[in-house]
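The values are calculated or read from the model by the stated rules, or taken from the named source; none is laboratory data. Keep in mind that this is a model prediction, so the values were computed, not measured. Cβ atoms come from the backbone with ideal geometry, glycine included; neighbour counts cover every protein chain shown. Surface areas here come from the heavy atoms of the whole protein model, side chains and all, with no ligands, DNA or RNA. Shrake-Rupley method; radii C 1.70, N 1.55, O 1.52, S 1.80 Å.
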Amino acid sequence: MVASVVAPVGFFVESDQSDRGRERALQIRMLGPLTITRAGVAQALPASRKLRALIAYLALSPHASTREHLCELLWDIPNDPRGELRWSLSKARAVLDEPGRRRIRTARDTVWLDLADCRVDVIDVGRATRRGIDTLGTEELRALASQFAGDFLDGLQIDRSPLFDNWMNAQRRGLRASHVAVLEHLAASLPPDSEERFACLDQWLRLAPFDQRAHELVLFGLAHRGRLREGEEHLASAKRIFDTEGLDSRRLREAWRDARAQPASFVERPVAVARRASIAVMPFVDQASKSDVRGGLADGFAHDIITRLAKLRSLFVIAQGTVFALDQRSVGPHEAGRTLNVDYVVSGSLRRQPKRITVDVELVESRTARIVWADVFDHRLDDTFLALDEIGNQIVASVEIEIEAAERNRAILKPPNSLDAWEAHHRGLWHMYRFNRADNELARHFFAMAVRLDPTFSRAYAGLSFTHWQNAFQNWGEHEPEMDRAAETASQSLIVDDRDPAAHWAMGRALWLRGHQAESLTELQSAIDLSPNFALAHYTLGFVNCQSGDAEAAIESSDHSRHLSPFDPLLFGMLAVRAIALVRMGRFDEAADWAVKAATRPNAHVHILAIAAQCLALSGRLDEARGFVALIRKTRPSYCVNDFLAAFRLCEEAADLFREGSRRIGID
């Protein structure tokens, strides 16, 4: 019930898009005081603050709300909350409903607001944020900026309603972050010496006074216009407020020095791009806590997330002391992201109930206020620390995967000759996960570019090793040379950073390719020891074991890798590992079901299709098996069981079973 109270702006329902081109009959504005207009005429609203709060909450709720929840949200239990809710709904109908058009809807014990034909400013902002503020043109940004007439539900305060206060404050923080993102991108799209740009920067700094990027743009703009005295005054003022908060103002001094050196040829400095994406994990809110005393379960959980993310070695993680200090100054997650100048921020809340524990979490892109990922984790409370450990595993794995996907998608849009090492690496990942020969070669090219730009980038060497591994495994190149290159680049990855789990993962795969199974398992276990949340290491451990090692352990590794990364680009491999292990255990029907799941995943390659065909044949489902044979022939006409057996390192008993399956469907 309480989960919806803290639903972020990015979760708002969509209005109907069919009539976007015309003015809507009913408009609701919540940025500033709540106002409702019909056909351009302002509607008189009852004086009741709780009625206004109810309308706002229902307008933005992503799903129907129970009457019990609405009563808990806004009314004191000792009074008559159900009666007050009925009165408020009747008054809301008088404002919102029209003849033949009911917008306040009820069913059984639930209530919702149907706004399909209405215009709501906050929903417009939420839609633009999800679309991507960085994709909007200047006029769109101007229009969006004009929506922010004031704070969310400005002036509305409800006494003794902590749940509503929590919800309203969450909306205010999220919308303020969206406003800042709009102003930043609008300022960037305007001429550097325009008054409109300076007005944007002034607004931006009022909302985010510790955002270094905004101060830098002001300083460069003043230098460009020759207003050096104003620039000196702005720098001194900014330095004072930064020093007061214990923040480093050195970058601002450097920006002013650079701006004064070349004021005539104004070139804005780009936002500094680190080799790794940066992230801050803010302290989680303990909703059961009645005081501001820190050090409880929620704080310990946030510390655990910080530690685990740091172990991944792929992200620059802000230390606990810094984020906790900002939180103690009541700096919210969005503002903290800009103050710390990080790419992403993780925040959330924790709720304990008698038999369950629930954690809400979201990952936000700092500069666009876009919610990259959000989820609710609910776990039985047999053991609090085991439950939080399990939830922590899922959060860390999800954060890594979502950031990697966001960075891949960003890199693919940039011109290749403009990429830095980090972007080239992620461009390589984008191609690598296509799992075909042409994209694998492009991936190799971009990984090589990344290590050329930064010879200390261990993950880029690991990616390079993966492309050579693929060439050998898929028979896309000369086997021996590609096998050697996979090992060489994995070794380089380890030399650069032997604490990077991806380096040990790459070496484990390379050793398997050379037939050194025991050593391979040792390296893969090292990767897991370094980062227990590294899903690909668990998967590859299962991959090695399923062929000639412990089949039950392979299934366990496969299941755990999927649990950590349920939408992984290598999900087809995780599923196939389970199928091979089940074949070795003689459970052919189960193996066939899992193999079919693997083969129907995106980018499943020819060996995965072969696993499905052979497992189906072993289970007696020959017609289905022949359907996959047709796909194999279309992909690689000459493919036969020897190609399959040459790629894998199956124990003799397992090899005989797959030979039998191939014989039954004619690919022997």
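Descriptive notes on the structure:
- Meets criteria (of a type in the set (Lys, Arg) and open to solvent by 50 Å² or more (accessible area, probe 1.4 Å)) for ARG578: no
- Contacts under 8 angstrom Cβ, first residue in segment 628-657 being within 17 Å of CYS615 (Cα to Cα), partner basic (Lys, Arg) and assigned to a loop (DSSP other than H, G, I, E, B), 6 or more apart: ASP643/ARG636
- Some residue of segment 525-546 being open to solvent by 10 Å² or more (accessible area, probe 1.4 Å), of a type in the set (Ser, Thr, Tyr) and touching a Ser or Thr at 6+ places or on another chain (Cβ under 9 Å): yes
- Selected residue (criterion: most open to solvent (accessible area, probe 1.4 Å)) from residues of segment 23-49 that are within 14 Å of ASP154 (Cα to Cα) and of a type outside the set (A, V, I, L, M, F, W, C): ARG49
- Flag if ASP643 is of a type outside the set (Ser, Thr, Tyr) and surrounded by fewer than 17 Cβ atoms within 10 Å (Cβ to Cβ): no
- Among residues of segment 559-574 that are free of Cβ contacts under 8 Å to residues at least 60 places away in the same chain, none has a Cβ under 6 angstrom from a residue that is among the polar types (S, T, N, Q) and surrounded by fewer than 23 Cβ atoms within 10 Å (Cβ to Cβ) at a sequence gap of 6+ or on a separate chain.
- The condition of being in contact (Cβ under 8 Å) with a residue 24 or more places away in the chain, hydrophobic (A, V, I, L, M, F, W, C) and buried (at least 23 other Cβ atoms within 10 Å of the Cβ) holds for only one of VAL376, VAL345, that being VAL345.
- One residue from ASP134, ASP121 being closer than 23 Å to PRO46 by Cβ and in contact (Cβ under 8 Å) with a residue 40 or more places away in the chain: ASP121
- Count of residues meeting criterion [free of Cβ contacts under 8 Å to residues at least 60 places away in the same chain, out of contact with any Asp or Glu (no Cβ under 9 Å at 6 or more places or on another chain) and either crowded, with 23+ Cβ neighbours inside 10 Å or over 23 Å from SER531 (Cα atoms) (or both)] in segment 392-423: 8
- Some residue of segment 446-467 being in contact with an Asp or Glu (Cβ under 7 Å, 6 or more places away or on another chain), in a helix (DSSP H, G or I), within 17 Å of LEU536 (Cβ to Cβ) and of a type in the set (Ser, Thr, Tyr): yes
- Selection within segment 219-254 - outside any loop (DSSP other than H, G, I, E, B), more than 14 Å from PRO192 (Cβ to Cβ) and either open to solvent by less than 40 Å² (accessible area, probe 1.4 Å) or among the aromatic types (Phe, Trp, Tyr) (or both): LEU235, ALA238, PHE242, LEU252
- Of the criteria (1) at pLDDT 85 or above; (2) outside any strand (DSSP E or B), which one VAL267 fails: (1)
- Selection count, segment 135-161, where residues are in contact with a strand residue (DSSP E or B) (Cβ under 8 Å, 6 or more places away or on another chain) and either surrounded by 15 or more Cβ atoms within 10 Å (Cβ to Cβ) or of a type in the set (A, V, I, L, M, F, W, C) (or both): 5
- If you go through segment 499-524 and keep only what is part of a helix (DSSP H, G or I), open to solvent by 20 Å² or more (accessible area, probe 1.4 Å) and in contact (Cβ under 8 Å) with a residue 60 or more places away in the chain, you end up with just GLN517.
- Scanning segment 322-332 for residues that are touching a residue at least 12 places away in the same chain (Cβ under 8 Å) and either among the β-branched types (Val, Ile, Thr) or open to solvent by 30 Å² or more (accessible area, probe 1.4 Å) (or both) gives THR322, VAL323, ALA325, ASP327, GLN328, ARG329.
- Tally of residues being open to solvent by 50 Å² or more (accessible area, probe 1.4 Å) and assigned to a helix (DSSP H, G or I) across segment 595-622: 2
- Among the conditions (1) open to solvent by 10 Å² or more (accessible area, probe 1.4 Å); (2) in contact (Cβ under 8 Å) with a residue 40 or more places away in the chain; (3) within 26 Å of the chain's Cα centre (by Cα), THR456 misses just one, which is (3).
- Considering ALA576, ALA625, the condition of being out of contact with any Leu (no Cβ under 7 Å at 6 or more places or on another chain), assigned to a helix (DSSP H, G or I) and either at pLDDT below 95 or aliphatic (A, V, I, L, M) (or both) is satisfied by ALA576 alone.
- Which numbered condition LEU350 fails, given (1) in a strand (DSSP E or B); (2) surrounded by fewer than 22 Cβ atoms within 10 Å (Cβ to Cβ); (3) not charged (D, E, K, R): (2)
- Once segment 173-218 is narrowed to residues that are charged (D, E, K, R), in a helix (DSSP H, G or I) and in contact with a Leu (Cβ under 8 Å, 6 or more places away or on another chain), the residue that is most open to solvent (accessible area, probe 1.4 Å) is ARG176.
- Flag: SER561 does not match the condition of being out of contact with any strand residue (DSSP E or B) (no Cβ under 6 Å at 6 or more places or on another chain), under 20 Å from GLY463 (Cβ atoms), among the polar types (S, T, N, Q) and surrounded by fewer than 17 Cβ atoms within 10 Å (Cβ to Cβ).
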